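Asker: Pasting a structure here, questions to come.
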Amino acid sequence: MRRLFLSAVMSLALASPLPGVAWAQPAKGAPAAFERVREVMSDRFRNLKLTGEPDRDFAELLIASYEQTLFLAKAQLEYGGDRQLRETAQKIQDEQQQKIDALKEWQVRSRQSDYRPQPNQTPSGEGPLDRRAQAGDPNQSASPAPAAPAKPAAAQPPANTPLVAGTVQKVDEASGKVTLDHERIPNIDMDAMTMAYRVADPAILKGVKAGDRVRFSADRVNGQLAITRIQKAR
């Protein structure tokens, strides 16, 4: 009898939830949301069209990778309940968005007619993937890519660059950056988006705060994309 009693007590203990432990129920819509995340992450690379230019393809693939991770992090922040995982997701969101912004800035700069790549060394064309591609012809050797011509000194942006409407999302005076949700910027062929920009002169951020509706101009200054003028919309 005693053995049967102890067995029953142990069974009840194992079947009951541990005291003080609350298992969160999945938020409404979470399963469908994460299924959607998986579909998007699966389709993104498959549908990506490459140009055949290593630098451009690298940037495009890396942006896709970061955006997928960002999409997953946003789903966790919306539906997840664990504090540690939410902190991880928030850190991913903050860091990945900065990386995406930097890569998109490079894409805009690379589309300019006077853009010239500035490699720190001439690509050798003799990496493991190159050797694999040449395996069928052992006598073939890769020719070094020609050195890129020197990049001309960037001129100061003209004073008549167009003003574009936008809304300030964040101001970081310490790093001289402002995040804008803006319309298309025609002179640099940038689509409407939300992105962090450097400012040509930190003084133009004086009096600007998150939530302000503004008109601004952007151009390349010393080879880098920057906000050259910003004023509050009337």
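Asker: Considering only residues that are modelled with pLDDT under 90, assigned to a strand (DSSP E or B) and of a type in the set (Gly, Ala, Ser), which ones fall in region 213-234?
Answerer: Ala226
Asker: So how many residues does region 44-88 have that are assigned to a loop (DSSP other than H, G, I, E, B) and not small (Gly, Ala, Ser)?
Answerer: Adding up the residues that qualify gives 7.
Asker: If I ask for residues that are polar (S, T, N, Q), under 16 Å from Leu163 (Cα atoms) and touching a strand residue (DSSP E or B) at 6+ places or on another chain (Cβ under 6 Å), which ones from region 180-234 would you list?
Answerer: Residues satisfying the conditions are Ser217, Thr228, Gln231.
Asker: Now for a different question. Going by what's in this entry, would Ala210 be described as in a helix (DSSP H, G or I) and surrounded by fewer than 15 Cβ atoms within 10 Å (Cβ to Cβ)?
Answerer: no
Asker: May I ask you to list pairs of residues, at least six apart or on different chains, whose Cβ atoms are under 9 Å apart, with the first in region 36-59 being more than 27 Å from Gln76 (Cβ to Cβ) and the second being of a type in the set (Asp, Glu) and modelled with pLDDT of 75 or more?
Answerer: Lys49/Glu60; Leu50/Asp57; Leu50/Glu60; Thr51/Asp57; Thr51/Glu60
Asker: Right, here's the next one. Tell me which residues, restricted to region 171-207, are among the hydrophobic types (A, V, I, L, M, F, W, C), exposed (fewer than 12 other Cβ atoms within 10 Å of the Cβ) and at pLDDT below 90.
Answerer: Within region 171-207, Ala174 is the sole residue that qualifies.
The values are calculated or read from the model by the stated rules, or taken from the named source; none is laboratory data. As the structure is a computational prediction, the values presented were derived from the model and not from experiment. Reconstructed Cβ throughout: ideal geometry from the backbone, glycine too, with neighbour counts over all protein chains shown.
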